[in-house]
Amino acid sequence: MSMLSVKNLNVWFGKHSSRVDAVKSASFEVERGQSFGLVGESGSGKSTILRAITGLAPNWSGALSVDGEAIEKKRQKAFYKTVQMVFQDPYASLHPRHSVDQVLSETLHLHGFTNIDARVVKLLDDVGLGQKFRFRYPHQLSGGQRQRVAIARALAPDPTLLLLDEPTSALDVSVQAEILNLLADMREEHGLTYLMVSHDLSVVAHMCDNLAVMRNGEIVEILDVEALRSMQATHPYSQHLLQASV
Amino acid sequence: MENLLDVENLWVKFPTRTGVFDAVRGVSFTLGRERLGIVGESGSGKSMTGRAILRLIRNPGIVEADHINLEGVNLLKKSEKEMRAVRGQRISMVMQDPKFSLNPVMTIGDQIIEAYRQQTKASKSEAYNKALEMLEAVSIRDAERVMRIYPHEVSGGMGQRIMIAMMLIPNPEILIADEPTSALDVSVQRQVLDIMDKLVKDRGMGLIFISHDLNLVADFCDRVLIMYSGRIVEVCDADKLHEAKHPYTRGLLNSLPRLDGKDKRLQVLKRDPEWSKTPSVSGRL
(Lines give C-alpha, C1' and ligand atoms only; values in the text may rest on other atoms or scores of the structure.)
Protein backbone atom coordinates (compact mmCIF):
# COMPACT_ATOMS: atom_id res chain seq x y z
CA MET A 1 0.00 0.00 0.00
CA SER A 2 1.33 3.42 -0.82
CA MET A 3 2.23 5.87 1.92
CA LEU A 4 0.62 8.81 0.19
CA SER A 5 -1.90 8.73 -2.56
CA VAL A 6 -3.21 11.80 -4.33
CA LYS A 7 -6.06 11.32 -6.78
CA ASN A 8 -7.63 14.02 -8.91
CA LEU A 9 -6.59 16.76 -6.56
CA ASN A 10 -7.93 20.22 -7.36
CA VAL A 11 -7.01 23.26 -5.31
CA TRP A 12 -8.40 26.72 -5.91
CA PHE A 13 -8.29 30.16 -4.37
CA GLY A 14 -10.95 32.85 -4.47
CA LYS A 15 -14.56 32.63 -5.52
CA HIS A 16 -16.58 33.15 -8.66
CA SER A 17 -14.91 35.46 -11.16
CA SER A 18 -11.67 35.74 -9.15
CA ARG A 19 -11.32 31.99 -8.78
CA VAL A 20 -7.83 30.73 -9.58
CA ASP A 21 -7.28 27.03 -10.07
CA ALA A 22 -3.85 26.47 -8.59
CA VAL A 23 -3.81 22.68 -8.98
CA LYS A 24 -5.83 20.85 -11.61
CA SER A 25 -6.57 17.12 -11.24
CA ALA A 26 -3.17 16.07 -9.99
CA SER A 27 -2.66 12.37 -9.27
CA PHE A 28 0.39 10.51 -8.00
CA GLU A 29 1.40 7.85 -5.50
CA VAL A 30 4.35 7.74 -3.13
CA GLU A 31 5.42 4.33 -1.83
CA ARG A 32 6.54 3.84 1.75
CA GLY A 33 10.19 4.79 2.24
CA GLN A 34 10.34 6.51 -1.12
CA SER A 35 11.30 10.07 -1.84
CA PHE A 36 9.13 11.84 -4.40
CA GLY A 37 9.97 15.17 -6.00
CA LEU A 38 7.73 17.88 -7.39
CA VAL A 39 9.42 20.27 -9.80
CA GLY A 40 8.25 23.20 -11.88
CA GLU A 41 8.51 26.96 -12.13
CA SER A 42 7.06 29.29 -9.52
CA GLY A 43 3.30 29.46 -9.73
CA SER A 44 3.05 25.93 -11.10
CA GLY A 45 1.24 24.73 -7.98
CA LYS A 46 3.90 22.48 -6.49
CA SER A 47 3.88 24.05 -3.02
CA THR A 48 0.10 24.27 -3.12
CA ILE A 49 -0.10 20.48 -3.27
CA LEU A 50 1.88 20.26 -0.03
CA ARG A 51 -0.29 22.91 1.57
CA ALA A 52 -3.44 21.06 0.53
CA ILE A 53 -2.15 17.86 2.10
CA THR A 54 -1.40 19.51 5.46
CA GLY A 55 -4.62 21.52 5.42
CA LEU A 56 -3.11 24.95 4.87
CA ALA A 57 -5.09 25.37 1.65
CA PRO A 58 -8.71 24.78 2.66
CA ASN A 59 -10.34 24.70 -0.77
CA TRP A 60 -9.60 21.37 -2.36
CA SER A 61 -11.41 18.45 -3.87
CA GLY A 62 -10.33 14.97 -4.82
CA ALA A 63 -9.07 12.05 -2.79
CA LEU A 64 -6.04 12.22 -0.50
CA SER A 65 -4.96 9.33 1.64
CA VAL A 66 -2.01 8.81 3.94
CA ASP A 67 -1.00 5.28 4.82
CA GLY A 68 -4.31 3.96 3.50
CA GLU A 69 -6.46 6.32 5.52
CA ALA A 70 -8.44 8.94 3.65
CA ILE A 71 -7.88 12.54 4.72
CA GLU A 72 -11.02 14.43 5.59
CA LYS A 73 -11.46 18.17 5.60
CA LYS A 74 -11.10 18.26 9.36
CA ARG A 75 -7.86 16.51 10.13
CA GLN A 76 -7.48 14.28 13.16
CA LYS A 77 -4.72 14.81 15.67
CA ALA A 78 -3.19 11.52 14.59
CA PHE A 79 -2.74 12.97 11.11
CA TYR A 80 -0.21 15.49 12.38
CA LYS A 81 1.66 12.71 14.12
CA THR A 82 2.24 11.00 10.80
CA VAL A 83 2.64 14.02 8.53
CA GLN A 84 4.95 16.97 9.19
CA MET A 85 6.25 19.78 7.04
CA VAL A 86 9.53 21.69 6.68
CA PHE A 87 9.16 25.13 5.14
CA GLN A 88 11.25 27.00 2.64
CA ASP A 89 12.52 29.94 4.61
CA PRO A 90 14.22 29.06 7.90
CA TYR A 91 14.32 32.77 8.71
CA ALA A 92 10.54 33.07 8.68
CA SER A 93 9.40 29.69 10.01
CA LEU A 94 10.79 29.93 13.56
CA HIS A 95 9.24 32.14 16.23
CA PRO A 96 11.78 34.91 16.85
CA ARG A 97 11.06 35.06 20.59
CA HIS A 98 11.04 31.34 21.29
CA SER A 99 14.26 29.55 22.10
CA VAL A 100 15.09 26.27 20.39
CA ASP A 101 14.08 24.50 23.61
CA GLN A 102 10.65 26.18 23.62
CA VAL A 103 10.06 25.42 19.95
CA LEU A 104 10.77 21.73 20.40
CA SER A 105 9.18 21.16 23.81
CA GLU A 106 5.98 22.95 22.80
CA THR A 107 5.64 20.64 19.82
CA LEU A 108 6.32 17.60 21.99
CA HIS A 109 3.84 18.79 24.60
CA LEU A 110 1.12 19.32 22.01
CA HIS A 111 1.60 15.80 20.77
CA GLY A 112 1.24 14.42 24.28
CA PHE A 113 4.77 13.26 24.97
CA THR A 114 5.81 13.00 28.60
CA ASN A 115 9.58 12.55 28.63
CA ILE A 116 10.05 15.92 26.94
CA ASP A 117 13.45 16.76 28.37
CA ALA A 118 15.12 13.57 27.13
CA ARG A 119 13.46 13.83 23.75
CA VAL A 120 14.62 17.41 23.14
CA VAL A 121 18.17 16.29 23.84
CA LYS A 122 17.79 13.35 21.46
CA LEU A 123 16.26 15.48 18.69
CA LEU A 124 19.06 18.03 18.86
CA ASP A 125 21.66 15.27 18.70
CA ASP A 126 19.83 13.66 15.78
CA VAL A 127 20.00 16.78 13.64
CA GLY A 128 23.63 17.36 14.54
CA LEU A 129 23.17 20.47 16.66
CA GLY A 130 23.93 19.18 20.14
CA GLN A 131 23.29 20.54 23.61
CA LYS A 132 24.87 23.95 23.33
CA PHE A 133 22.17 25.16 20.95
CA ARG A 134 19.29 24.22 23.20
CA PHE A 135 18.70 27.61 24.78
CA ARG A 136 19.55 29.80 21.83
CA TYR A 137 17.13 32.06 19.99
CA PRO A 138 16.73 32.00 16.18
CA HIS A 139 18.70 35.22 15.70
CA GLN A 140 21.69 33.52 17.29
CA LEU A 141 21.66 30.79 14.65
CA SER A 142 22.84 30.71 11.05
CA GLY A 143 20.50 29.80 8.21
CA GLY A 144 21.68 26.20 8.14
CA GLN A 145 21.33 25.83 11.91
CA ARG A 146 17.80 27.25 11.76
CA GLN A 147 16.85 24.76 9.09
CA ARG A 148 18.20 22.01 11.34
CA VAL A 149 15.93 23.25 14.13
CA ALA A 150 12.99 23.26 11.71
CA ILE A 151 13.81 19.68 10.75
CA ALA A 152 14.08 18.70 14.42
CA ARG A 153 10.66 20.25 15.04
CA ALA A 154 9.20 18.29 12.15
CA LEU A 155 10.74 15.08 13.46
CA ALA A 156 9.50 15.67 17.03
CA PRO A 157 6.20 13.74 16.81
CA ASP A 158 7.94 10.80 15.08
CA PRO A 159 6.23 11.27 11.72
CA THR A 160 6.43 8.82 8.84
CA LEU A 161 5.80 11.30 6.02
CA LEU A 162 7.75 14.54 5.71
CA LEU A 163 6.66 17.28 3.33
CA LEU A 164 9.67 19.37 2.31
CA ASP A 165 8.95 22.71 0.67
CA GLU A 166 12.20 23.85 -0.96
CA PRO A 167 14.18 23.06 2.19
CA THR A 168 17.49 24.38 0.87
CA SER A 169 16.67 27.16 -1.57
CA ALA A 170 17.41 29.90 0.97
CA LEU A 171 20.79 28.40 1.86
CA ASP A 172 24.33 28.57 0.47
CA VAL A 173 25.55 25.66 -1.63
CA SER A 174 27.96 24.50 1.07
CA VAL A 175 25.19 24.53 3.69
CA GLN A 176 22.76 22.98 1.22
CA ALA A 177 25.06 19.95 1.00
CA GLU A 178 24.97 19.55 4.81
CA ILE A 179 21.18 19.78 4.99
CA LEU A 180 20.65 17.38 2.07
CA ASN A 181 23.00 14.89 3.74
CA LEU A 182 21.12 15.29 7.01
CA LEU A 183 17.79 14.67 5.29
CA ALA A 184 19.18 11.56 3.59
CA ASP A 185 20.46 10.25 6.94
CA MET A 186 17.16 10.95 8.70
CA ARG A 187 15.28 9.14 6.00
CA GLU A 188 17.42 6.07 6.43
CA GLU A 189 17.41 6.11 10.24
CA HIS A 190 13.71 6.76 10.76
CA GLY A 191 12.43 5.05 7.64
CA LEU A 192 10.77 8.24 6.46
CA THR A 193 8.89 8.96 3.27
CA TYR A 194 9.60 12.31 1.62
CA LEU A 195 7.53 14.49 -0.65
CA MET A 196 9.89 17.23 -1.73
CA VAL A 197 9.24 20.39 -3.70
CA SER A 198 12.15 22.03 -5.47
CA HIS A 199 12.84 24.11 -8.53
CA ASP A 200 16.39 22.77 -8.66
CA LEU A 201 16.47 19.65 -10.80
CA SER A 202 19.89 18.56 -9.60
CA VAL A 203 18.72 18.63 -5.96
CA VAL A 204 15.74 16.49 -6.90
CA ALA A 205 17.96 14.16 -8.93
CA HIS A 206 20.13 13.76 -5.86
CA MET A 207 17.37 13.25 -3.29
CA CYS A 208 14.43 11.59 -4.99
CA ASP A 209 13.52 8.28 -6.61
CA ASN A 210 10.62 9.57 -8.68
CA LEU A 211 9.42 13.00 -9.62
CA ALA A 212 6.53 14.82 -11.18
CA VAL A 213 7.01 17.84 -13.45
CA MET A 214 4.34 20.49 -13.02
CA ARG A 215 3.22 23.38 -15.15
CA ASN A 216 0.27 25.73 -14.72
CA GLY A 217 -1.20 23.55 -11.98
CA GLU A 218 -1.05 20.34 -13.96
CA ILE A 219 1.30 17.42 -13.71
CA VAL A 220 2.71 17.10 -17.20
CA GLU A 221 4.94 14.11 -16.60
CA ILE A 222 5.94 11.60 -13.93
CA LEU A 223 9.32 10.03 -14.41
CA ASP A 224 11.93 8.19 -12.38
CA VAL A 225 15.30 9.59 -11.52
CA GLU A 226 17.18 7.35 -13.96
CA ALA A 227 15.20 8.83 -16.82
CA LEU A 228 15.97 12.30 -15.48
CA ARG A 229 19.69 11.61 -15.27
CA SER A 230 19.85 10.23 -18.76
CA MET A 231 17.79 13.23 -19.95
CA GLN A 232 14.98 11.04 -21.24
CA ALA A 233 12.06 13.28 -20.48
CA THR A 234 9.29 12.88 -23.02
CA HIS A 235 7.20 15.97 -22.45
CA PRO A 236 8.60 19.06 -24.21
CA TYR A 237 8.28 21.18 -21.07
CA SER A 238 10.35 18.73 -18.98
CA GLN A 239 12.95 18.68 -21.72
CA HIS A 240 13.01 22.46 -21.68
CA LEU A 241 13.52 22.45 -17.89
CA LEU A 242 16.30 19.90 -18.18
CA GLN A 243 18.09 21.92 -20.81
CA ALA A 244 17.80 25.09 -18.75
CA SER A 245 19.40 23.46 -15.72
CA VAL A 246 22.39 21.81 -17.34
CA MET B 1 42.50 46.46 -22.20
CA GLU B 2 41.73 49.83 -20.66
CA ASN B 3 40.47 49.83 -17.12
CA LEU B 4 37.07 51.29 -16.43
CA LEU B 5 37.34 50.69 -12.74
CA ASP B 6 40.38 50.26 -10.56
CA VAL B 7 39.93 49.31 -6.91
CA GLU B 8 42.98 49.18 -4.66
CA ASN B 9 43.01 47.83 -1.11
CA LEU B 10 39.32 48.20 -0.32
CA TRP B 11 38.16 47.74 3.26
CA VAL B 12 34.62 47.88 4.62
CA LYS B 13 34.40 48.09 8.40
CA PHE B 14 31.53 48.06 10.83
CA PRO B 15 32.17 49.10 14.42
CA THR B 16 30.29 46.83 16.83
CA ARG B 17 30.12 46.53 20.59
CA THR B 18 32.74 43.80 20.47
CA GLY B 19 35.17 45.64 18.23
CA VAL B 20 35.44 46.48 14.56
CA PHE B 21 34.07 43.90 12.16
CA ASP B 22 35.81 43.82 8.79
CA ALA B 23 33.33 42.81 6.10
CA VAL B 24 35.78 43.38 3.25
CA ARG B 25 39.48 43.16 3.95
CA GLY B 26 41.88 44.66 1.44
CA VAL B 27 40.42 43.73 -1.92
CA SER B 28 42.03 44.94 -5.14
CA PHE B 29 40.77 44.40 -8.65
CA THR B 30 40.26 46.06 -11.99
CA LEU B 31 37.38 45.94 -14.39
CA GLY B 32 37.69 46.46 -18.12
CA ARG B 33 35.00 46.10 -20.73
CA GLU B 34 34.29 42.58 -19.57
CA ARG B 35 31.98 40.48 -17.45
CA LEU B 36 33.55 40.04 -14.04
CA GLY B 37 31.94 37.57 -11.64
CA ILE B 38 32.26 37.74 -7.87
CA VAL B 39 31.24 34.55 -6.08
CA GLY B 40 31.23 33.43 -2.48
CA GLU B 41 28.92 32.36 0.30
CA SER B 42 26.68 34.71 2.22
CA GLY B 43 28.84 36.83 4.46
CA SER B 44 31.88 36.64 2.22
CA GLY B 45 31.70 40.36 1.46
CA LYS B 46 30.72 40.16 -2.20
CA SER B 47 27.68 42.42 -1.95
CA MET B 48 29.54 44.82 0.31
CA THR B 49 32.23 45.16 -2.34
CA GLY B 50 29.60 46.11 -4.91
CA ARG B 51 27.97 48.60 -2.60
CA ALA B 52 31.25 50.12 -1.48
CA ILE B 53 32.12 51.03 -5.07
CA LEU B 54 28.99 53.19 -5.23
CA ARG B 55 29.64 54.44 -1.69
CA LEU B 56 26.31 53.05 -0.59
CA ILE B 57 27.57 51.84 2.80
CA ARG B 58 25.70 53.82 5.40
CA ASN B 59 26.97 55.06 8.73
CA PRO B 60 28.33 53.64 10.97
CA GLY B 61 29.89 51.50 8.23
CA ILE B 62 33.26 52.75 7.00
CA VAL B 63 34.70 52.39 3.50
CA GLU B 64 38.46 52.73 3.15
CA ALA B 65 40.59 52.21 0.08
CA ASP B 66 43.79 53.50 -1.46
CA HIS B 67 41.65 54.43 -4.41
CA ILE B 68 38.49 53.49 -6.28
CA ASN B 69 39.16 54.99 -9.69
CA LEU B 70 36.45 55.34 -12.27
CA GLU B 71 38.31 56.09 -15.47
CA GLY B 72 41.13 57.62 -13.49
CA VAL B 73 39.01 59.72 -11.12
CA ASN B 74 38.93 58.69 -7.48
CA LEU B 75 35.34 58.19 -6.33
CA LEU B 76 36.34 58.43 -2.67
CA LYS B 77 37.38 62.05 -3.14
CA LYS B 78 34.02 63.07 -4.56
CA SER B 79 31.45 64.93 -2.51
CA GLU B 80 28.06 63.38 -1.86
CA LYS B 81 26.57 65.67 -4.50
CA GLU B 82 29.11 64.67 -7.12
CA MET B 83 28.51 61.03 -6.21
CA ARG B 84 24.86 61.42 -7.15
CA ALA B 85 25.95 62.19 -10.69
CA VAL B 86 27.86 58.90 -10.72
CA ARG B 87 25.21 56.66 -9.25
CA GLY B 88 22.78 55.54 -11.88
CA GLN B 89 24.39 57.67 -14.57
CA ARG B 90 27.86 56.19 -14.85
CA ILE B 91 27.62 53.17 -12.58
CA SER B 92 24.26 51.43 -12.20
CA MET B 93 23.24 48.70 -9.85
CA VAL B 94 20.59 46.00 -10.23
CA MET B 95 19.51 44.65 -6.87
CA GLN B 96 18.50 41.14 -5.96
CA ASP B 97 14.78 41.37 -5.49
CA PRO B 98 12.55 43.55 -7.67
CA LYS B 99 9.84 43.31 -5.02
CA PHE B 100 11.85 45.48 -2.67
CA SER B 101 13.55 47.73 -5.18
CA LEU B 102 10.63 49.14 -7.14
CA ASN B 103 8.39 51.83 -5.71
CA PRO B 104 5.08 50.09 -4.94
CA VAL B 105 2.93 53.21 -5.32
CA MET B 106 4.26 54.44 -8.67
CA THR B 107 3.47 52.95 -12.05
CA ILE B 108 6.32 51.24 -13.87
CA GLY B 109 6.25 53.93 -16.55
CA ASP B 110 6.51 56.81 -14.09
CA GLN B 111 9.45 55.16 -12.38
CA ILE B 112 11.42 54.65 -15.55
CA ILE B 113 10.61 58.15 -16.77
CA GLU B 114 11.70 59.60 -13.44
CA ALA B 115 15.01 57.74 -13.61
CA TYR B 116 15.60 59.05 -17.10
CA ARG B 117 14.61 62.65 -16.45
CA GLN B 118 16.78 62.76 -13.36
CA GLN B 119 19.85 63.46 -15.44
CA THR B 120 18.70 64.50 -18.87
CA LYS B 121 16.53 67.51 -19.47
CA ALA B 122 14.34 65.46 -21.76
CA SER B 123 10.70 66.37 -22.18
CA LYS B 124 8.04 64.08 -20.81
CA SER B 125 7.00 62.68 -24.16
CA GLU B 126 10.60 62.12 -25.14
CA ALA B 127 11.20 60.25 -21.88
CA TYR B 128 8.03 58.23 -22.43
CA ASN B 129 9.19 57.08 -25.83
CA LYS B 130 12.62 56.26 -24.49
CA ALA B 131 11.08 54.21 -21.67
CA LEU B 132 8.92 52.30 -24.13
CA GLU B 133 11.91 51.59 -26.31
CA MET B 134 13.89 50.35 -23.31
CA LEU B 135 11.12 48.04 -22.15
CA GLU B 136 11.04 46.54 -25.60
CA ALA B 137 14.83 46.15 -25.49
CA VAL B 138 14.46 43.89 -22.44
CA SER B 139 11.84 41.82 -24.34
CA ILE B 140 8.74 42.96 -22.52
CA ARG B 141 5.74 42.34 -24.67
CA ASP B 142 2.92 44.85 -24.65
CA ALA B 143 5.15 47.61 -23.26
CA GLU B 144 2.41 50.27 -23.39
CA ARG B 145 0.29 48.28 -20.96
CA VAL B 146 3.26 47.58 -18.68
CA MET B 147 3.99 51.31 -18.49
CA ARG B 148 0.61 51.85 -16.85
CA ILE B 149 0.65 49.06 -14.26
CA TYR B 150 2.07 48.88 -10.74
CA PRO B 151 4.93 46.69 -9.48
CA HIS B 152 2.61 44.24 -7.69
CA GLU B 153 1.03 43.39 -11.03
CA VAL B 154 4.22 42.10 -12.61
CA SER B 155 5.90 38.74 -12.10
CA GLY B 156 9.39 38.34 -10.64
CA GLY B 157 11.07 37.85 -13.97
CA MET B 158 9.32 40.83 -15.47
CA GLY B 159 10.16 42.98 -12.44
CA GLN B 160 13.80 42.10 -12.81
CA ARG B 161 13.76 43.00 -16.50
CA ILE B 162 12.09 46.31 -15.66
CA MET B 163 14.87 47.00 -13.15
CA ILE B 164 17.45 46.27 -15.81
CA ALA B 165 15.67 48.56 -18.27
CA MET B 166 15.64 51.33 -15.68
CA MET B 167 19.32 50.90 -14.91
CA LEU B 168 20.38 50.87 -18.55
CA ILE B 169 18.48 53.92 -19.75
CA PRO B 170 21.18 56.43 -18.76
CA ASN B 171 23.74 54.32 -20.65
CA PRO B 172 26.13 53.72 -17.75
CA GLU B 173 29.70 52.59 -18.25
CA ILE B 174 29.48 49.99 -15.52
CA LEU B 175 26.61 47.80 -14.39
CA ILE B 176 26.80 46.12 -11.00
CA ALA B 177 24.32 43.25 -10.78
CA ASP B 178 23.89 41.92 -7.24
CA GLU B 179 22.34 38.44 -7.51
CA PRO B 180 20.03 39.63 -10.29
CA THR B 181 18.57 36.22 -10.97
CA SER B 182 18.52 34.41 -7.63
CA ALA B 183 14.85 35.26 -7.05
CA LEU B 184 13.92 33.87 -10.46
CA ASP B 185 13.11 30.46 -11.92
CA VAL B 186 15.68 28.59 -13.96
CA SER B 187 13.78 29.09 -17.19
CA VAL B 188 13.39 32.85 -16.65
CA GLN B 189 16.96 33.16 -15.35
CA ARG B 190 18.35 32.37 -18.79
CA GLN B 191 16.18 34.99 -20.46
CA VAL B 192 17.26 37.73 -18.07
CA LEU B 193 20.91 36.79 -18.44
CA ASP B 194 20.70 36.73 -22.21
CA ILE B 195 19.19 40.20 -22.20
CA MET B 196 21.88 41.51 -19.89
CA ASP B 197 24.57 39.86 -21.96
CA LYS B 198 23.30 41.36 -25.17
CA LEU B 199 23.05 44.86 -23.73
CA VAL B 200 26.49 44.67 -22.17
CA LYS B 201 28.01 43.53 -25.45
CA ASP B 202 26.19 46.03 -27.64
CA ARG B 203 27.10 48.98 -25.47
CA GLY B 204 30.59 47.88 -24.46
CA MET B 205 29.85 48.18 -20.76
CA GLY B 206 31.73 46.66 -17.88
CA LEU B 207 29.68 44.26 -15.79
CA ILE B 208 30.23 43.15 -12.22
CA PHE B 209 28.09 40.10 -11.64
CA ILE B 210 27.70 39.14 -7.99
CA SER B 211 26.32 35.67 -7.39
CA HIS B 212 26.54 32.61 -5.19
CA ASP B 213 25.79 30.30 -8.10
CA LEU B 214 29.08 28.91 -9.36
CA ASN B 215 27.73 27.23 -12.47
CA LEU B 216 25.92 30.33 -13.56
CA VAL B 217 29.03 32.46 -13.16
CA ALA B 218 31.21 29.91 -14.95
CA ASP B 219 28.76 30.03 -17.84
CA PHE B 220 28.13 33.70 -18.04
CA CYS B 221 31.26 35.65 -17.07
CA ASP B 222 34.73 36.16 -18.50
CA ARG B 223 36.67 36.32 -15.26
CA VAL B 224 35.77 35.27 -11.72
CA LEU B 225 36.89 36.46 -8.30
CA ILE B 226 36.20 34.00 -5.50
CA MET B 227 35.72 35.66 -2.14
CA TYR B 228 35.98 34.16 1.33
CA SER B 229 35.59 36.09 4.58
CA GLY B 230 36.18 39.47 2.98
CA ARG B 231 39.16 38.53 0.86
CA ILE B 232 39.71 37.31 -2.66
CA VAL B 233 41.10 33.79 -2.37
CA GLU B 234 41.32 33.00 -6.05
CA VAL B 235 41.02 34.63 -9.45
CA CYS B 236 40.47 32.58 -12.56
CA ASP B 237 39.04 32.64 -16.04
CA ALA B 238 35.40 31.67 -15.93
CA ASP B 239 35.74 28.81 -18.38
CA LYS B 240 38.52 27.36 -16.21
CA LEU B 241 36.52 27.66 -12.98
CA HIS B 242 36.10 23.90 -12.87
CA GLU B 243 39.88 23.54 -12.77
CA ALA B 244 40.18 25.95 -9.84
CA LYS B 245 42.86 25.05 -7.32
CA HIS B 246 41.99 26.74 -4.06
CA PRO B 247 40.47 24.22 -1.61
CA TYR B 248 37.59 26.61 -0.89
CA THR B 249 36.60 26.88 -4.55
CA ARG B 250 37.02 23.13 -4.94
CA GLY B 251 34.88 22.57 -1.85
CA LEU B 252 32.11 24.78 -3.17
CA LEU B 253 32.18 23.04 -6.53
CA ASN B 254 32.13 19.58 -4.98
CA SER B 255 29.24 20.35 -2.64
CA LEU B 256 26.90 20.95 -5.59
CA PRO B 257 24.55 18.08 -6.32
CA ARG B 258 24.91 16.97 -9.91
CA LEU B 259 22.24 15.88 -12.30
CA ASP B 260 24.36 12.95 -13.44
CA GLY B 261 25.91 12.32 -10.01
CA LYS B 262 25.46 8.92 -8.44
CA ASP B 263 27.13 9.69 -5.11
CA LYS B 264 24.98 8.88 -2.15
CA ARG B 265 26.39 11.67 -0.04
CA LEU B 266 27.40 15.17 -0.98
CA GLN B 267 30.80 16.42 0.02
CA VAL B 268 30.68 18.90 2.84
CA LEU B 269 32.97 21.89 2.82
CA LYS B 270 35.59 21.71 5.54
CA ARG B 271 36.74 25.19 6.40
CA ASP B 272 40.37 25.83 7.13
CA PRO B 273 41.08 28.84 9.39
CA GLU B 274 44.21 29.41 7.30
CA TRP B 275 42.06 30.53 4.37
CA SER B 276 40.93 33.70 6.08
CA LYS B 277 44.48 34.51 7.17
CA THR B 278 46.21 34.39 3.80
CA PRO B 279 46.27 37.83 2.18
CA SER B 280 43.98 38.73 -0.64
CA VAL B 281 44.86 37.71 -4.18
CA SER B 282 44.92 40.65 -6.55
CA GLY B 283 42.17 40.71 -9.13
CA ARG B 284 44.13 43.07 -11.40
CA LEU B 285 44.73 42.21 -14.97
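The mean number of partner chain beta-carbon atoms within 10 angstrom of a residue's beta-carbon across peptide A:203-214 is 2.
Using a simple charge model, +1 on the beta-carbon of Lys and Arg, -1 on the beta-carbon of Asp and Glu, nothing else, what dipole does the protein assembly as shown show about its Cα centre, in debye to the nearest 20?
Dipole magnitude for the protein assembly as shown comes out near 1400 debye.
Pairs exceeding 31 Å between alpha-carbon atoms, taken from B:LYS99/B:LYS198; B:LYS77/B:LYS121; A:LYS74/B:LYS99: A:LYS74/B:LYS99. Extension gain, B:GLU274 to B:ASP202: 0.36 nm times the residue separation minus the Cα-Cα distance gives 21.7 nm.
Other residues whose C-beta falls under 9 angstrom from the C-beta of B:ASN69 contribute a net charge of -3, scoring Lys and Arg +1 and Asp and Glu -1.
In this structure the amide hydrogen of A:LEU38, modeled in the peptide plane, comes within under 5 Å of the amide hydrogens of A:MET196, A:VAL197, A:SER198, A:ALA212, none closer than 5 places in sequence on its chain.
What does the C-alpha gyration tensor say about the overall shape of region A:177-246? Classify as rounded when a/c is under 1.5, otherwise prolate if a/b is larger than b/c, or oblate. Prolate shape, in that a/c is at least 1.5 and a/b is the bigger ratio. Taking all Cα pairs closer than 8 Å and separated by 6 or more residues, the relative contact order of chain B comes to 26 percent. Evaluating 6.51 cos²θ - 1.76 cosθ + 1.60 at θ = phi - 60° for every residue in region B:64-75, the Karplus couplings come out as 10, 7, 5, 7, 10, 9, 9, 6, x, 9, 6, 5 Hz, glycine and proline recorded as x. Using the Karplus relation 6.51 cos²θ - 1.76 cosθ + 1.60 with θ = phi - 60°, the per-residue 3J(HN,Hα) values for region B:221-235 come to 9, 9, 9, 10, 9, 9, 10, 9, 6, x, 10, 8, 9, 7, 10 Hz, with x marking Gly and Pro. Protein-only accessible surface at a 1.4 angstrom probe places the residues A:TRP60, B:TRP11 in the order B:TRP11, A:TRP60, largest first.
The mean sequence distance of close C-alpha pairs (under 8 Å, at least 6 residues apart), as a share of the length of region B:162-285, puts its relative contact order at 19 percent.
Annotation: lysines with alpha-carbon distance below 26 angstrom to A:LYS77 (same-chain offsets under eight excluded): A:LYS7, A:LYS46, A:LYS122.
In chain B, helices alone account for a calculated mean residue ellipticity at 222 nm of -10000 deg cm²/dmol, with every DSSP H run of four or more residues adding -39,500 (n - 2.57). Put simply, the amide H of A:VAL86, placed in the peptide plane, has neighbours under 5 Å in A:LEU163, A:LEU164, A:ASP165, leaving out anything fewer than 5 places away on its chain. Rolling a 1.4 Å probe over the heavy atoms of the protein chains gives region B:100-171 an accessible area of 53 Å² per residue.
Estimated from helical segments only, the mean residue ellipticity of chain A at 222 nm is -10500 deg cm²/dmol, where each DSSP H run of four or more residues counts as -39500 (n - 2.57).
Report the trypsin sites (Lys or Arg not before Pro) located in region A:145-187 that are in a DSSP loop and have at most 13 other Cβ atoms inside 10 Å of their Cβ, or state none.
Filter output for region A:145-187: empty list.
Oblate is the label for region A:39-155, because a/c, from the alpha-carbon gyration tensor with a ≥ b ≥ c as root eigenvalues, is 1.5 or above and a/b does not exceed b/c. In chain B the longest region clear of GluC sites (Glu not before Pro) that are loop-assigned by DSSP and have at most 13 other C-beta atoms within 10 Å covers B:72-285.
Only protein heavy atoms count here, probed at 1.4 Å, and on that basis chains A and B bury about 2200 Å² of accessible area in total.
For A:LYS132, the aspartates and glutamates whose Cα comes closer than 15 Å to its Cα, not counting residues fewer than 8 places off in the same chain, are A:ASP101, A:ASP117. Bridgeable lysines around B:LYS270 (alpha carbons under 18 Å apart, same-chain partners fewer than 8 residues away excluded): B:LYS245. Taken residue by residue and averaged, Cβ atoms of other chains lying within 10 Å of the Cβ of A:168-175 number 6. Helix B:108-117 and the long axis of chain B differ in direction by around 90°, with both axes built from C-alpha atoms.
Please compute the contact order of region B:100-171 in relative form: average sequence separation of alpha-carbon pairs under 8 Å and at least six residues apart, divided by the residue count, as a percent. In percent, rounded to a whole number, it is 47.
The values are calculated or read from the model by the stated rules, or taken from the named source; none is laboratory data. Remember, predicted model here, so these are calculated numbers, not experimental data. When we count neighbours, we look across all protein chains shown, and the Cβ atoms used for this are built from the backbone with ideal geometry, even at glycine. To get the accessible areas, we keep the full protein, side chains included, count just its heavy atoms, and leave off ligands, DNA and RNA. Shrake-Rupley method; radii C 1.70, N 1.55, O 1.52, S 1.80 Å.
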